[in-house]
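S.K.: Pasting a structure here, questions to come.
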Amino acid sequence: KAVSPTFTSGYDWGRDVWKKLRVVRDVVSGAMSVIDLEAPATPILTASDRTLTDGYVGFGSFDNSGQVRNVEVWAAASTPGAPDFFAPAP
């Protein structure tokens, strides 16, 4: 289910360059945004969904490849423990 009310024509990720992004999520309002720190005035993506109350951090793409490094996560609260979906298959 798409949670973004509008879609852009895309974002130029470049080639052989690293981007510095910030993902901001407010659980109470449901607001989410992805911001390029080199051009923070206009978010790359905005969305809103108050049903997403907790979960995990993940990365994915449907038609691009890339690398991720130097990830930092801040949260007011967290639930310690390993998620069960990383358990070895029986």
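S.K.: Take the residues in the range 36-90 that are among the polar types (S, T, N, Q) and closer than 20 Å to Gly14 by Cα; name whichever of them is nearest to the chain's Cα centre (by Cα).
M.R.: Ser61
S.K.: Among the residues of the range 5-15, is any touching an Asp or Glu at 6+ places or on another chain (Cβ under 8 Å) and among the aromatic types (Phe, Trp, Tyr)?
M.R.: yes
S.K.: Take the residues in the range 34-90 that are surrounded by 10 or more Cβ atoms within 10 Å (Cβ to Cβ), touching a residue at least 40 places away in the same chain (Cβ under 8 Å) and not small (Gly, Ala, Ser), then tell me which one is farthest from Pro5 (Cα to Cα).
M.R.: Once the filter is applied, the top-ranked residue is Leu52.
S.K.: Among the residues of the range 23-33, which ones are in contact with a strand residue (DSSP E or B) (Cβ under 6 Å, 6 or more places away or on another chain) and surrounded by 12 or more Cβ atoms within 10 Å (Cβ to Cβ)?
M.R.: Val23, Arg25, Gly30, Ala31, Met32, Ser33
None of the figures in this text is laboratory data; all of them are computed from the coordinates on show. The structure presented is a predicted model; accordingly, all values stated were derived computationally and were not measured. Positions of Cβ are backbone-derived with ideal geometry, glycine not excepted, and every protein chain shown enters the neighbour counts.
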